[in-house]
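Everything on this sheet refers to the single structure shown next.
The values are calculated or read from the model by the stated rules, or taken from the named source; none is laboratory data. All values derive from a computational prediction rather than experimental measurement. Please note: Cβ atoms are built from the backbone with ideal geometry, for glycine as well, and neighbour counts cover all protein chains shown.
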Amino acid sequence: MHAHYDYLIIGGGVAGVTAAETIREHNSDVHIAIIEREPHVLYSRVLLPSYLKGRITRSKLFLRTADDFTKKKIDIHHQETVISIDSQHKEIKRENGKVFTYGKLLLSTGGRVREWGKQEDQHLMYRLQTLDDADRLFAALSAIKNPLVIGSSFISLELAEIFFLNHIIPTVLVRDSYFFGHLLDEQGGQLIHENFLRLGIKADYGDTVTHIDQSPADTTHSASAEAVTTAGKKFPVDAIGVGVGIDRNLEYASRSGITCTEHGIQTNEFLETNQPDIFSAGDVTEYFDTISGRHRSVGNWTNAVLQGKRAGLNMIGQRGAFISVPSYSITNLGFQITALGDTSNHEGAIVRIDKEHKQYARFFFKGDVLAGAVLINRFKDKAHLAGLIEKQVNVAQWKARLADNSFDIHSI
């Protein structure tokens with residue numbers, strides 16, 4: 001089978017679907033197709049934790065139906081895998097041997113949870129990247145008694161809360177000396193730790209699992225195995241929640257002359273790759289961020305929506321740079337946590353903390369320009385800070401006061 005599409009999109013997540021729908025809104029006649037590995041129509045990855053916490057039913061996860069694509073004349077090919085791209089002849093080859101040609105191509109292939117653990121231990125591992133991951137954990141929750149959550153990420157927090165709200169007390173194991181070591185300082189890490197303790201959640205730091213012993217000598221625990229750590233500790237486990245980040249789906253892109261790094265498919269500020277008429281959007285993309293002045297990858301839902309829309313417009317000739325202050329927010333275990341902008345430069349970061357009200361902020365800079373922030377229980381500051389970051393406001397005259405809780409940052 002050989003078919004031609006004016007606009008071909010690989011990846012049926014929210015970035016790809018948003019791009020396809022944006023193109024269709026502006027042109028009713030062109031041929032559009034999406035190729036998607038998963039068997040499901042578009043669903044909300046953001047709401048997967050809510051499904052597992054019992055806050056919504058599974059049916060509420062789905063954002064589109066098959067009829068929605070039919071009505072918009074968007075062909076969608078489920079459970080199909082692309083194995084190569086020929087940018088010279090503008091064609092892609094699928095695993096089933098079929099070839100599609102294209103006028104313009106969008107890569108929105110996302111990522112997958114980083115591999116962790118040995119193959120023989122995978123029956124104990126639970127991830128939270130896809131609907132199938134969520135369904136598998138949902139089916140197992142009633143039998144889990146001793147879960148161990150690995151990692152120091154937003155997904156780790158989600159997994160911990162999923163167990164907690166299902167009346168299962170997890171243990172959290174973190175490689176760093178405190179949670180969110182890449183975002184917080186020690187004071188912020190202590191706030192997270194004290195919240196774990198308040199809820200009865202056990203947390204262990206500065207340690208990693210070396211192997212899983214599936215024949216534990218200690219039979220007094222209702223666990224099917226023991227996780228053994230570098231420090232020699234042994235945790236009885238019957239489930240391990242893996243929150244160790246994602247690897248981007250780059251295989252065929254990197255083999256097709258498209259510039260890729262370990263962080264994703266590299267694009268300019270217009271989401272264009274180095275190959276003509278090939279664009280990239282969503283989690284798989286390492287785009288040039290005009291605000292921070294560097295390439296960066298951002299893996300969250302809002303960013304994927306915004307990039308999908310911008311990519312769709314650029315593909316139809318309404319060319320414009322993708323400009324956005326990336327942010328991720330989570331309300332979890334009684335805390336509201338936000339990461340905003342560029343938080344990579346820890347040198348000279350300024351912290352304000354109000355232990356009594358469990359509030360915390362850490363500000364990151366590029367010279368005297370505010371580049372990013374991490375907020376705990378200070379969501380009211382998010383929009384104002386995002387505006388300062390986007391406008392690249394010089395805050396030199398206020399920096400000395402940022403650590404003072406009595407100083408209102410909205411006055412900047």
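Give me the strands (runs of 3 or more DSSP E) completely within segment 148-232, filtered to those with at least 3 residues that are hydrophobic (A, V, I, L, M, F, W, C), ordered by residue number.
Per the criteria, 171-174, 225-229.
Out of the residues in segment 354-370 meeting the condition of being touching a helix residue (DSSP H, G or I) at 6+ places or on another chain (Cβ under 7 Å) and of a type in the set (Lys, Arg), tell me which one is surrounded by the most Cβ atoms within 10 Å (Cβ to Cβ).
Only one residue fits best here, namely Arg362.
How many of the residues in segment 367-388 are under 19 Å from Arg401 (Cβ atoms), among the charged types (D, E, K, R) and touching a strand residue (DSSP E or B) at 6+ places or on another chain (Cβ under 9 Å)?
3
Filter segment 110-120 down to the residues that are loosely packed, with under 13 Cβ neighbours inside 10 Å and assigned to a loop (DSSP other than H, G, I, E, B), then identify the one that is nearest to the chain's Cα centre (by Cα).
Looking at the filtered set, the residue picked out is Glu115.
Just to be sure I understand, how many residues within segment 240-272 are modelled with pLDDT of 95 or more, farther than 24 Å from Gly317 by Cα and out of contact with any Ser or Thr (no Cβ under 9 Å at 6 or more places or on another chain)?
1
Right, Ile389: β-branched (Val, Ile, Thr) and either surrounded by fewer than 18 Cβ atoms within 10 Å (Cβ to Cβ) or in a strand (DSSP E or B) (or both) or not?
Taking the combined requirement at face value, the residue does not satisfy it.
Could you please give the count of residues in segment 87-122 that are in contact (Cβ under 8 Å) with a residue 60 or more places away in the chain, closer than 25 Å to Lys309 by Cα and of a type outside the set (A, V, I, L, M)?
12
Can you give me the number of residues within segment 73-109 that are within 28 Å of the chain's Cα centre (by Cα) and either assigned to a loop (DSSP other than H, G, I, E, B) or of a type in the set (Gly, Ala, Ser) (or both)?
Counting residues in segment 73-109 that are within 28 Å of the chain's Cα centre (by Cα) and either assigned to a loop (DSSP other than H, G, I, E, B) or of a type in the set (Gly, Ala, Ser) (or both) gives 8.
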